[in-house]
Amino acid sequence: MYNENLLNNLSFKEYRLDKLKKYNKLQIPKWKRINLQDFDIPDYREYNNLQLPGHEDLDIRDMGTVKEDINEFTRYLRVNEEFGVDKKFVTLTEALSNSGVIIKIEKNKRISEPIRLDFKMDNDNPLLLDHNLIIAKRNSELTVVMDYTSNTKVFHSGVTKVYAEDNSNVTIIKLQRMDEDSDDFDSNIAIVGRDAKVNWVSIELGGKITASSFITNLKEDNSKADLKSIYFGDKDMEIDVQYKMNHFGRRSESNINTKGALKDRAKKVFRGDLDFKKGASRSKGEEEEYVLLLDKTVKSDAIPALICGEDDVEGEHAASAGQINELKLFYLMSRGISESQAKKMIVEASFKPVIDKIPYEDLKEKVEENIHRRLIDEKS
Amino acid sequence: MNKKILDIKNLRSKVDETEILKGLDLEMNKGEIHIMMGPNGAGKSTFANVLMGHPKHEIIDGEIIFNDKIINDLSVDKRAKEGMFLSFQYPEEIPGVTVENFLRNAKMTLTGENQGVFAFRKVLKEKMKLLEMDESYASRYLNQGFSGGEKKKNEILQMVVLEPKLAILDETDSGLDIDAIRIVSNGVKAFSNDDNAILVITHYNKILDYLEPDFVHILVDGKIVKTGGIKLAREIEEKGFEEFK
Ligand SMILES: Nc1ncnc2c1ncn2[C@@H]1O[C@H](COP(=O)(O)OP(=O)(O)OP(=O)(O)O)[C@@H](O)[C@H]1O
Ligand SMILES: [Mg+2]
């Protein structure tokens with residue numbers, strides 16, 4: 001139970017108050033799928049680690065420190081439908097966000113260099129509730145890279161709302177490289193306009209419990225969305241990913257492509273929905289998940305679903321899990337390469353197309369190094 | 001001075017409870033080129049795989065002595081380190097791993113020495129030129145989308161770069177056009193020296209014209225039933241394997 005006094009100095013007070021009331025009424029969820037039980041949400045703390053990037057062509061504000069209510073943005077904060085990993089975590093962040101950004105790009109502006117946000121968590125900043133609002137006006141283009149890291153056990157619950165208005169193109173690249181004892185809950189939603197496109201890239205590497213949800217509403221004719229993700233789980237990690245493409249508009253198109261690898265006793269649940277609503281005629285959706293099981297002790301579930309409220313649509317879904325192909329392994333090893341090196345090569349190769357989407361060399365290297373280190377760690 | 005590189009005695013193997021090699025004997029010396037022929041399903045690829053240490057094939061009897069060392073229990077990567085190489089009948093496609101990166105890694109593992117990127121690239125380009133392969137293949141993913149013939153050429157490229165002591169070529173000539181057979185054969189011939197040995201599994205005599213082998217072996221039903229010179233291959237070409245079955 002959080003006290004309303006916490007909201008005294010914060011912006012969007014009315015909105016936050018409403019969310020706090022909802023939050024206080026909700027139970028902390030129990031998930032059988034990844035064994036989330038008796039979970040405690042830590043006490044409120046400030047977060048003071050975000051360096052706001054500047055850009056002359058952009059309106060960027062810090063959600064944590066903005067003091068005034070900016071009416072223009074309030075309507076974007078409100079999303080009518082349910083989304084996210086769980087209502088409890090979403091309302092927590094909506095009510096008490098201690099960080100996050102509001103980024104607005106004006107119509108016809110196209111910014112090719114990405115905007116980078118480093119969310120660093122540490123002993124002084126062990127709680128991050130970032131609420132992000134990204135608004136791309138008509139015919140604009142923007143890329144935002146969000147890198148979440150921690151060097152100690154922390155708690156993260158994030159909410160990101162993306163509005164891609166007509167004919168805009170928005171790319172959101174999220175990296176989660178938190179410490180192995182941390183808990184991570186990340187909820188994302190995008191609303192995509194006519195002829196607009198949202199590209200999600202999600203790289204999940206850290207955390208003890210890591211739950212993420214990406215919902216995309218393809219609202220109008222020719223709305224498009226693309227989601228590429230990788231995850232790597234080792235030790236006793238529990239990974240819960242949910243991707244959902246809601247097709248409303250005609251000729252809307254979506255694509256989900258996920259690659260993962262699990263090692264030691266890691267556990268993963270993948271849920272991917274292609275939901276064609278009535279009226280979404282001639283829409284197309286595709287989803288594919290492939291996971292490499294590096295040890296017999298891992299657990300992997302995949303639940304891809306195709307929901308058709310409309311006949312005139314094309315949907316394809318596939319999920320598969322496998323050991324590394326024995327013949328491929330033999331082939332690589334026949335050139336002198338050891339078994340662990342060969343497995344590493346195959347995993348890294350399958351992740352590479354997604355890692356290559358990161359527009360910063362230093363981050364790319366850190367991601368590769370992270371995976372590399374954990375792959376050669378024989379038994380943990 | 002010829003020195004024994006491979007000595008196989010009474011080799012028997014099984015895969016999924018089926019016995020395939022049924023007492024195979026073979027000796028090879030350094031500097032020699034051997035040909036192995038035999039009907040479909042005789043066990044030629046099985047033999048190549050057993051030699052290389054494929055985990056699906058179990059040795060149930062006999063010994064493989066390679067460079068004076070019994071290697072029955074060595075894993076495939078260790079055998080490669082000892083100097084064995086197999087050019088696969090059906091090379092695997094490995095998406096995401098480029099030919100150049102893979103070969104550089106393999107070369108480093110095999111030699112235990114660092115291979116500078118540029119120095120290695122230079123060597124690779126020379127060898128590709130020799131095999132009349134376009135340089136662009138170096139940055140393509142290993143065998144991915146390669147045509148049948150291109151895959152075979154890429155196997156030989158790997159052989160000449162990795163410089164094994166014993167190379168087993170399993171039907172490397174199948175699927176190659178006339179010009180490619182000439183190019184590959186010349187590559188193999190140039191690779192052959194007093195310090196290595198080559199075992200060529202084939203169905204066709206074309207490659208023999210280039211290679212001038214020392215021995216021709218006929219494998220039928222898991223055993224070598226006859227060994228001879230190039231004349232034996234000519235006989236087979238005319239009469240088939242009927243008399244050996
Ligand atoms: N897993 C298996 N279980 C049972 N029999 C098998 C298995 N794998 C291979 N064989 C059999 O072993 C025999 C030898 O196969 P192999 O591939 O070695 O023949 P080959 O001489 O290379 O033939 P080809 O000239 O057609 O390449 C074949 O009869 C094949 O069907
Ligand atoms: Mg064969």
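What single numbered condition from (1) modelled with pLDDT of 90 or more; (2) surrounded by 15 or more Cβ atoms within 10 Å (Cβ to Cβ); (3) under 23 Å from A:Pro114 (Cβ atoms) fails to hold for A:Gln51? A:Gln51 satisfies every listed condition except (2). One residue stands out among those in the range A:329-340 that are surrounded by fewer than 18 Cβ atoms within 10 Å (Cβ to Cβ) and within 34 Å of the chain's Cα centre (by Cα): the one that is farthest from the other protein chains (Cβ to nearest Cβ), which is A:Ser340. In the set (1) open to solvent by less than 10 Å² (accessible area, probe 1.4 Å); (2) within 14 Å of chain A (Cβ to nearest Cβ); (3) in a loop (DSSP other than H, G, I, E, B), the condition left unmet by B:Gln144 is number (1).
Tell me, please, whether a residue that is within 13 Å of chain A (Cβ to nearest Cβ) and closer than 30 Å to B:Gln144 by Cβ can be found in the range B:27-46. Write out each step before concluding.
Step one: list which residues in the range B:27-46 are within 13 Å of chain A (Cβ to nearest Cβ), which gives B:45.
Among the residues that remain, those that are also closer than 30 Å to B:Gln144 by Cβ are: B:45.
Within the range B:27-46, one or more residues are within 13 Å of chain A (Cβ to nearest Cβ) and closer than 30 Å to B:Gln144 by Cβ.
Out of B:Ile168, B:Ile156, B:Ile218, one residue alone is of a type in the set (A, V, I, L, M, F, W, C) and away from ligand 1 (no atom under 16 Å from the Cβ). It is B:Ile156.
Comparison of A:Ser168, A:Ser140, A:Ser157, A:Ser150 shows that the only residue that is under 16 Å from A:Tyr44 (Cα atoms), polar (S, T, N, Q) and surrounded by 19 or more Cβ atoms within 10 Å (Cβ to Cβ) is A:Ser157. Among the residues of the range B:48-77, which ones are within 14 Å of chain A (Cβ to nearest Cβ), open to solvent by 30 Å² or more (accessible area, probe 1.4 Å) and in a loop (DSSP other than H, G, I, E, B)? B:Pro55, B:Lys56, B:Leu74, B:Ser75, listed by residue number.
If you check B:Ile230 against the conditions, is it farther than 23 Å from B:Leu124 by Cβ and open to solvent by 10 Å² or more (accessible area, probe 1.4 Å)? Taking the combined requirement at face value, the residue satisfies it. Note on the range A:254-287: residues that are of a type in the set (Asp, Glu), in contact with a Lys or Arg (Cβ under 9 Å, 6 or more places away or on another chain) and in a strand (DSSP E or B) total 2.
Does the range A:345-378 hold any residues that are closer than 19 Å to A:Leu227 by Cβ, surrounded by fewer than 19 Cβ atoms within 10 Å (Cβ to Cβ) and within 14 Å of chain B (Cβ to nearest Cβ), and which are they? Selection gives A:Lys352, A:Pro353, A:Ile355, A:Asp356. Filtering the range B:81-138 to residues that are of a type in the set (Asp, Glu), within 13 Å of another protein chain (Cβ to nearest Cβ) and open to solvent by 70 Å² or more (accessible area, probe 1.4 Å) leaves only B:Glu113. Note on the range B:188-230: enclosed strands (runs of 3 or more DSSP E) holding 3 or more residues that are more than 14 Å from chain A (Cβ to nearest Cβ) and away from ligand 2 (no atom under 15 Å from the Cβ) are B:223-228.
Regarding the range B:99-114, can at least one residue be identified that is of a type in the set (A, V, I, L, M) and without any contact (Cβ under 8 Å) to a residue 12 or more places away in the chain? Among the residues of the range B:99-114, at least one is of a type in the set (A, V, I, L, M) and without any contact (Cβ under 8 Å) to a residue 12 or more places away in the chain, which makes the answer yes.
Scan the range B:76-87 and give yes if some residue there is in contact with a Lys or Arg (Cβ under 6 Å, 6 or more places away or on another chain) and at pLDDT below 95, otherwise no. Within the range B:76-87 (the criterion being in contact with a Lys or Arg (Cβ under 6 Å, 6 or more places away or on another chain) and at pLDDT below 95), the answer is no, since none of the residues qualifies. Among the residues here, A:Ala302 does not qualify as crowded, with 19+ Cβ neighbours inside 10 Å and within 22 Å of A:Asn199 (Cα to Cα). Scanning the range A:87-112 for residues that are of a type in the set (D, E, K, R), outside any strand (DSSP E or B) and touching a Ser or Thr at 6+ places or on another chain (Cβ under 8 Å) yields A:Glu106, A:Lys107, A:Lys109. Filtered by the rule that a residue be in a helix (DSSP H, G or I), out of contact with any helix residue (DSSP H, G or I) (no Cβ under 6 Å at 6 or more places or on another chain) and touching a residue at least 40 places away in the same chain (Cβ under 8 Å), the range A:348-380 gives A:Ser350, A:Phe351, A:Pro353, A:Val354, A:Leu363, A:Lys366, A:Asn370, A:Ile371, A:Arg374.
Restricting the range B:29-47 to residues that are more than 6 Å from ligand 1 (Cβ to nearest atom) and open to solvent by less than 10 Å² (accessible area, probe 1.4 Å) leaves a set whose member that is farthest from the chain's Cα centre (by Cα) is B:Met37. For the range B:115-133, filtered to residues that are out of contact with any Gly (no Cβ under 8 Å at 6 or more places or on another chain) and in contact (Cβ under 8 Å) with a residue 24 or more places away in the chain, the residue that is nearest to ligand 2 (Cβ to nearest atom) is B:Met133. The lone criterion from (1) basic (Lys, Arg); (2) in a strand (DSSP E or B); (3) surrounded by fewer than 20 Cβ atoms within 10 Å (Cβ to Cβ) left unmet by A:Arg33 is number (2). Scanning the range A:171-186 for residues being closer than 18 Å to A:Pro359 by Cβ and either out of contact with any Pro (no Cβ under 9 Å at 6 or more places or on another chain) or buried (at least 22 other Cβ atoms within 10 Å of the Cβ) (or both) gives a total of 6. Here A:His317 passes the criteria (1) closer than 25 Å to A:Val269 by Cα; (2) open to solvent by less than 70 Å² (accessible area, probe 1.4 Å) except the one numbered (2).
Any residue at all in the range B:2-21 that's free of Cβ contacts under 8 Å to residues at least 24 places away in the same chain, within 16 Å of ligand 1 (Cβ to nearest atom), of a type in the set (Asp, Glu) and part of a loop (DSSP other than H, G, I, E, B)? Yes. Consider B:Arg12 carefully, then state whether it is of a type in the set (D, E, K, R), surrounded by 15 or more Cβ atoms within 10 Å (Cβ to Cβ) and within 14 Å of chain A (Cβ to nearest Cβ). Answer is no for this residue.
Of note, A:Glu288 does not satisfy the criterion of being free of Cβ contacts under 8 Å to residues at least 40 places away in the same chain, open to solvent by 40 Å² or more (accessible area, probe 1.4 Å) and within 13 Å of another protein chain (Cβ to nearest Cβ).
The values are calculated or read from the model by the stated rules, or taken from the named source; none is laboratory data. As the structure is a prediction and not an experimental result, all values here were calculated from the model. Counting neighbours? That spans all protein chains shown, and the Cβs are built from the backbone with ideal geometry, glycine included. Note: accessible area is taken over every heavy atom of the protein model, side chains too, but ligands, DNA and RNA are not part of it. Shrake-Rupley method; radii C 1.70, N 1.55, O 1.52, S 1.80 Å.
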